[in-house]
Amino acid sequence: MPSLTLLLFCGLAHAEGYSTDIELVRPTFSPGAVAGFDTPNFGRPGTVRVGTLLQYERDPLILYQLEREAGAVVSNRLMAHLGVSVDLTKRLSARFVLPIGGQWGTEVERLAADQGGIGDASLGARFKLFELGPLVTAARADIYLPFGTQGAYLGENGLRGMGGLVAEAKLGPVAFLADAGVLGRAVVATDQDFELGSELALQGGVRLDIWPDNVALGAGVITRTGFTKFWTGEAETPAELVAGIQLRPANDWRLDVGFGRGLAPGYGTTQFRVYTGLTWQRSPPLPPSMTPEPLSKVLITEAPDIPVDPIELILEPEKPAWKEDELARVEESQIVIRDPIQFELATNRILPESIPTLHAISKLLAEHPEIGHLVIEGHASEEGSFAYNYDLSIRRSLAIFQELVLAGTYPARLSCRGMGEVEPVALGSTETQLATNRRVIFHIVRRLKAGEEPPAMRTEMLLPWNGDPKTFKALPPIPAPEPVATPPKAVPKNPDDDYPTDPNLFREREDDDEEEDAPK
């Protein structure tokens, strides 16, 4: 064991313990954060999160004398952090956290603080700096207010401030987290080999999104070191490993469960800790300008030429039913598919049951050479972050692009784009509504005119993404439209045509009149 502190806090002993904050794992109430970590992620402006993190800690503060453990100053500790955060804009977030807790079962009576109380409340803010591909960064700042119970290892006498940077690099379902900052505080000298002062705090971890915003695994290391004894491995350099799972048991709720274990014998590290947290999140509704139009429009109109009292409701005509073997068809400016494209959860891997649909689209494109260009547009639900959903929608549309090319569609006739979660067609958080928003649309953005030559294409070329050779069939010429028969011109009607022209008809009528006038 390295040269450890000879006596931790001895000489500063009070009958009620010592006024210092020994907590290592603090909640940040940031989206996708592992316990004790901050993230650069933000929700929709106006998103509110309210929650708590409850921890049991075993032996977070131990007294060493002559490099030997003399006993636990704080043996059992129970802490509850209550907090709220608000995403004020797309780049700015604010938060407030209040710790409450206490400890019992000390083994060092002269340094005992077996009592409960509140810790130092903190006010914090995050500001998103930039996004560069999968990398997102933000600046953060927190102020710790000296409101905590004195002499209970829950709070300190002076004001403290923490500033730093937060980063997340997203590579598919795996996110790498980094959090670095400097804690500034007044130096507290002791009579022993220990000094409590300003510190450098470093955290690094990883999160695996098994099901975005529903199931995730996370782990990381939380450490700090005092500037007076920089990385000496003594009491001023605590370190702890934390790991846990995040679940979404219901809409708007997130559950965190995990554990931690000290990696170095610095102050605040534990023999072990277990934690659970519950966070409620509510996002504001979309503004009216982003509210989707109904899928079917109703037009109410009057029929002036028809003597009908009530107004008539004119609905969009019903679309023809799908044939048994029909998987895709051309409708106006889109290629419409019968069944949604299915992907493996949280990935861009197309499930086998959707491959026939994509082959049907490729066949349609071969049968319709007048379709000059098709855009594959991917959409996601709002379960993950904006950045995650945007990235996933791009990767999924690209996977469809590749499958259509493999099926024989010339690459120059296709392009793809992702729209993330910004164009929902169903509002709400039920699985049915979310599944409706996870979709792929095939837009026909260019049609060639009759007789127009299709763009030049090579029958032999290399696939853009891996260089494998691929053979393509040349497109047939665009057929000319079928001639439309011109109806004969209508001859104006002569009003005299309504009168009979047979003279015998009039003669018979005159004879009848004479018979009626004859005397009886």
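Readers should treat all values here as calculations from the given coordinates under stated rules, not as data from a laboratory. Remember, predicted model here, so these are calculated numbers, not experimental data. Backbone-built Cβ (ideal geometry, glycine too); neighbour counts: all protein chains shown.
Tabulated data
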| quantity | calculated |
| --- | --- |
| Counting all C-alpha pairs of the range 338-421, share separated by more than 18 Å (%) | 42 |
| FRET efficiency estimate (nearest 0.05) - Cβ-Cβ, residue 472 to residue 214, R0 41 angstrom | 0.50 |
| Pairwise centroid distance, computed over Cα atoms, of the range 328-382 with the range 49-90, Å | 52 |
| Where labels lie 7 Å past Cα in the beta-carbon direction, separation of residue 456 and residue 264 in nm | 6.6 |
| Too-long pairs where the Cα-Cα distance tops 27 Å, listed order kept, from 128/170; 319/363; 319/470; 90/170; 323/363 | 319/470 |
| Cβ-based net charge around residue 265, under 13 Å, with every Lys or Arg adding one and every Asp or Glu removing one | -4 |
| Reciprocal of mean inverse Cα separation for the range 321-471 (Kirkwood radius, Å) | 16.3 |
| Residue 65-residue 255 FRET efficiency (beta carbon distance; Förster radius 41 Å; 0.05 resolution) | 0.45 |
| Cα-based equivalent ellipsoid, the range 101-183: semi-axes from gyration tensor eigenvalues, Å | 36, 16, 9 |
| Rg/Rh for the range 48-282, where both radii come from Cα atoms and Rh is the Kirkwood radius | 0.96 |
| Positive minus negative residues near residue 125 (Lys, Arg vs Asp, Glu; Cβ under 9 Å) | +2 |
